[in-house]
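One structure is given here, and the rest of the page talks about it.
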Amino acid sequence: METLWQLNQVTKVYQLQDPFGRTVRVEALASINLTGHRGQTLGLVGESGSGKSTLGKVLLRLVPPTSGQIFFRGTDLTGLSETRLRLWRKNFQIVFQDPYRSLNPRLTAGDLLMEGIPGSYRERVVRARDLLLKVGLSREDFYRLPHQFSGGQRQRLAIARALGPGPELLVCDEPTSNLDLSIQAQILNLFLELKQDYALTYLFISHNLKVVEFLADRIAVMYRGHLVEVGPTALIMKKACHPYSRALVASARYQPTRMFARPVRAGCCYASFCPRGQSQCYQQQPPLQEIAPDHQVACFLPEGNAS
Amino acid sequence: MEKTLVVKNLALAFHQERRPVTILAGVEFEISSGETLALVGESGSGKTLTALSIVKLLPPQARLETGEVRLNGQSLTSLSEREMENIRGRQVGLVFQEPSAYLNPVFTIGNQIEEAIKSSLSRKEKKERVAQMLAEVGLDEKHYWHYPHQLSGGMQQRALIAMALINHPSLLIADEPTTSLDVTTAVQIISLIKTLIKKHHLALLFISHDIALAHYFADRMAVMYAGRLVEIGPTRTVFNSPRHPYTESLIACLPEKYKPGEKIRAIPGTVPDFANLPSGCPFHPRCHRRMERCFREEPEMFPVASALVRCFLYGNSVATEPGN
């Protein structure tokens with residue numbers, strides 16, 4: 001399988017100020033190694049604040065990483081200047097959760113789309129019209145403003161806009177989380193169609209495991225800035241090995257998991273809640289290791305036997 | 001025996017600008033003690049307004065046109081605001097979506113739960129009652145002295161559940177109580193509510209946009225669309241053999257019902273705006289089984305098996321008979 005993008009030992013540390021002016025170090029991404037295969041959908045799941053969105057933004061260099069390398073088609077993006085990077089940007093685009101806040105309210109749908117399309121004016125108009133129809137909007141929508149669309153239509157517009165430059169990789173950051181079930185279904189179908197028609201590669205970020213299960217070929221599970229498990233969708237859903245992935249899968253089926261809460265300052269990111277901790281877990285973070293082909297887990301005591 | 005909550009023929013309209021806009025029409029259901037009724041629908045279907053009509057916490061432009069709400073045999077419809085204050089908190093407990101919005105940041109959790117006690121108890125008795133309630137919702141004794149910001153979202157929601165139940169109400173209304181929480185926490189909160197319902201024989205009105213969660217959780221389910229109940233019945237009946245085309249289509253929208261690569265059978269179009277509802281059955285523009293009369297007439301509730309369904313497919317099929 002061909003690698004389209006790769007994160008190599010990527011970390012992102014935010015230095016924040018607490019109300020008393022003291023500096024607090026927040027490790028949003030802790031030494032992330034992750035690979036995206038061309039033409040595949042990688043689902044990224046985790047609770048809020050786990051670093052999912054940061055990972056997506058760092059991958060697109062919308063946020064610079066603190067350390068580590070980002071490869072896209074074999075080129076290291078970390079070393080590129082903003083000017084050079086701009087030439088790459090057409091290859092990777094992003095769709096956000098709230099389309100109302102990511103679309104300029106003063107531009108018409110047509111203008112919004114044409115902004116991202118290269119070429120002569122005529123070419124841009126034609127392509128913008130095509131894209132509108134492609135995402136299920138109508139010709140008349142060309143002259144409408146973002147506030148005149150419903151939530152679902154606005155998300156369609158945001159998707160069309162992301163497709164404008166002709167990207168290979170589309171990062172979707174919770175694109176259906178604000179939508180009702182019936183509209184979510186329409187948008188998920190649209191993602192399936194577009195993937196086929198444009199041979200897209202997705203990084204699909206969501207807290208909703210059921211949505212990710214529907215779309216993704218592989219799933220990566222994050223917890224507090226760490227990747228805790230990566231593997232094929234069916235495997236994660238049926239035989240996850242990391243206790244947190246298991247808790248997540250159980251919750252998606254409405255089975256409550258017993259949560260322990262002991263204060264643990266060092267060691268594994270999940271140690272405070274893990275039902276199976278032993279001494280080693282309180283000393284160091286387990287590395288993400290391959291326990292079977294295409295199945296990586298960061299746990300000293302992986303549950304079950306996946307292989 | 002009278003049911004804990006009886007809602008009859010509820011109709012609600014918003015009076016603003018030129019003409020009144022009908023929001024709820026003919027909403028009817030009952031909940032007995034120990035039973036959970038889930039009110040399911042998409043945003044803007046009138047779920048929350050139904051709940052707010054029961055406790056009369058409506059926005060100023062909203063007016064109840066018809067209908068009656070009876071709680072433990074007492075009609076709430078004619079009660080004054082003063083009398084309603086005695087009902088809320090005492091007989092009806094309320095839990096809402098965003099827990100942090102309902103906690104005062106400058107008072108401790110224990111303080112706020114204690115403040116909710118409506119009966120006259122001594123200071124010591126109140127403390128004991130709060131401690132007992134904290135234990136019931138799975139919070140530690142030490143949380144009595146904690147401020148809201150020291151608690152996680154899940155713990156804050158637990159505190160609010162404690163507050164809602166501290167006066168032993170007979171009805172609990174939970175409006176999307178887990179929507180702002182992480183999945184793992186949400187499931188814990190749901191199972192906590194479930195345990196408490198059983199233990200205290202409460203009637204629960206559970207409002208959710210998540211039909212899969214409602215299926216897991218509720219005894220009976222009511223599906224709302226455009227301010228109308230379109231189907232109500234035992235959860236298993238409604239979820240496993242949905243009769244109304246909307247219920248059926250909504251369940252078909254759940255992504256977990258499909259194999260990888262399969263397309264979802266999505267409902268075309270969007271939820272209508274209350275100000276210009278379609279004529280006849282409000283679902284007809286999106287319905288895959290619509291008939292000619294659905295454009296003109298609005299159906300009533302017809303009994304089908306153990307459920308009630310608002311659809312002409314199940315009754316009164318005069319239009320299909322020739323010459324009538």
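Against the condition surrounded by 17 or more Cβ atoms within 10 Å (Cβ to Cβ), touching a Leu at 6+ places or on another chain (Cβ under 8 Å) and more than 29 Å from A:Leu194 (Cβ to Cβ), how does A:Gly68 come out, does it pass? Lay out the reasoning, then the answer.
Details: surrounded by 17 or more Cβ atoms within 10 Å (Cβ to Cβ): yes; touching a Leu at 6+ places or on another chain (Cβ under 8 Å): yes; more than 29 Å from A:Leu194 (Cβ to Cβ): yes.
Yes: the conditions hold for A:Gly68.
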Inspect segment A:250-257 for any residue being more than 12 Å from every other protein chain (Cβ to nearest Cβ) and open to solvent by less than 10 Å² (accessible area, probe 1.4 Å) and give the result as yes or no.
no
Any idea how many residues of segment B:253-285 are under 30 Å from A:Lys238 (Cβ atoms) and aromatic (Phe, Trp, Tyr)?
1
Among the residues of segment A:140-155, write down those that are more than 16 Å from A:Leu107 (Cα to Cα) and either in contact with a Pro (Cβ under 6 Å, 6 or more places away or on another chain) or buried (at least 21 other Cβ atoms within 10 Å of the Cβ) (or both).
A:Gly152
So, in segment A:140-159, exactly how many residues are more than 14 Å from chain B (Cβ to nearest Cβ), within 17 Å of A:Arg101 (Cβ to Cβ) and touching a Ser or Thr at 6+ places or on another chain (Cβ under 8 Å)?
2
With criteria (1) open to solvent by 20 Å² or more (accessible area, probe 1.4 Å); (2) more than 9 Å from chain A (Cβ to nearest Cβ); (3) in contact (Cβ under 8 Å) with a residue 24 or more places away in the chain, B:Asn240 comes up short on (3)
Options A:Gly49, A:Gly74, A:Gly36, A:Gly43; residue that is within 21 Å of A:Tyr202 (Cβ to Cβ), at pLDDT below 95 and not acidic (Asp, Glu):
A:Gly74
Out of the residues in segment A:192-218 that are over 14 Å from the mean Cα position of the chain (by Cα) and more than 9 Å from chain B (Cβ to nearest Cβ), which is most open to solvent (accessible area, probe 1.4 Å)?
A:Gln196
Of all residues being more than 25 Å from B:Ala62 (Cβ to Cβ) and touching a residue at least 24 places away in the same chain (Cβ under 8 Å) in segment B:244-285, which is nearest to the other protein chains (Cβ to nearest Cβ)? Just the residue, please.
B:Glu256
Failed item in (1) touching a Ser or Thr at 6+ places or on another chain (Cβ under 7 Å); (2) surrounded by fewer than 18 Cβ atoms within 10 Å (Cβ to Cβ), with A:Ile236 passing the rest:
(2)
Which numbered condition B:Arg293 fails, given (1) in a helix (DSSP H, G or I); (2) open to solvent by less than 10 Å² (accessible area, probe 1.4 Å); (3) away from every other protein chain (no Cβ under 14 Å)
(2)
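Does B:Glu30 fit the bill of being surrounded by fewer than 19 Cβ atoms within 10 Å (Cβ to Cβ) and modelled with pLDDT of 95 or more? I'd like the intermediate steps shown before the answer.
Values: surrounded by fewer than 19 Cβ atoms within 10 Å (Cβ to Cβ): yes; modelled with pLDDT of 95 or more: yes.
Considered against the rule, which asks whether it is surrounded by fewer than 19 Cβ atoms within 10 Å (Cβ to Cβ) and modelled with pLDDT of 95 or more, B:Glu30 comes out as yes.
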Going by the structure shown, is B:Lys47 under 17 Å from B:Ala226 (Cα atoms) and buried (at least 16 other Cβ atoms within 10 Å of the Cβ)?
yes
Out of everything in segment A:160-191 that is of a type in the set (Asp, Glu) and away from chain B (no Cβ under 14 Å), what residue ends up being surrounded by the fewest Cβ atoms within 10 Å (Cβ to Cβ)?
A:Glu168
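Hey, does segment A:253-265 have a residue that's within 28 Å of A:Glu174 (Cα to Cα), touching a residue at least 60 places away in the same chain (Cβ under 8 Å) and charged (D, E, K, R)? It would help to see each step written out before you state the result.
Restricting attention to segment A:253-265, the residues satisfying the condition of being within 28 Å of A:Glu174 (Cα to Cα) are A:253-259.
Still in the running and touching a residue at least 60 places away in the same chain (Cβ under 8 Å): none.
For segment A:253-265, residues within 28 Å of A:Glu174 (Cα to Cα), touching a residue at least 60 places away in the same chain (Cβ under 8 Å) and charged (D, E, K, R): absent.
Could you check, for segment B:208-230, whether at least one of its residues is among the aliphatic types (A, V, I, L, M), within 14 Å of chain A (Cβ to nearest Cβ) and farther than 25 Å from B:Pro272 by Cα? So that I can check it myself, show each step before the final result.
Here is the first cut: in segment B:208-230, the residues among the aliphatic types (A, V, I, L, M) are B:211-214, B:218, B:221-224, B:226, B:229-230.
Narrowing the set further to residues that are within 14 Å of chain A (Cβ to nearest Cβ) leaves B:211-214, B:218, B:223-224, B:226, B:230.
Pick out the ones that are also farther than 25 Å from B:Pro272 by Cα and you get B:218.
Looking through segment B:208-230, at least one residue is among the aliphatic types (A, V, I, L, M), within 14 Å of chain A (Cβ to nearest Cβ) and farther than 25 Å from B:Pro272 by Cα.
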Restricting to segment A:1-41, what's the tally of residues that are open to solvent by less than 80 Å² (accessible area, probe 1.4 Å), assigned to a loop (DSSP other than H, G, I, E, B) and free of Cβ contacts under 8 Å to residues at least 40 places away in the same chain?
2
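A:Gly49 - would you say it is open to solvent by less than 40 Å² (accessible area, probe 1.4 Å) and either in a loop (DSSP other than H, G, I, E, B) or small (Gly, Ala, Ser) (or both)? Give the steps one after another, and end with the answer.
Details: open to solvent by less than 40 Å² (accessible area, probe 1.4 Å): no; either in a loop (DSSP other than H, G, I, E, B) or small (Gly, Ala, Ser) (or both): yes.
Answer is no for this residue.
The values are calculated or read from the model by the stated rules, or taken from the named source; none is laboratory data. Just so it is clear, the structure is predicted and the values come from calculations on it, not from any experiment. All Cβ positions, glycine included, derive from the backbone under ideal geometry; neighbour counts span all protein chains shown. Side chains included, ligands, DNA and RNA excluded: accessible areas come from the protein's heavy atoms. Shrake-Rupley method; radii C 1.70, N 1.55, O 1.52, S 1.80 Å.
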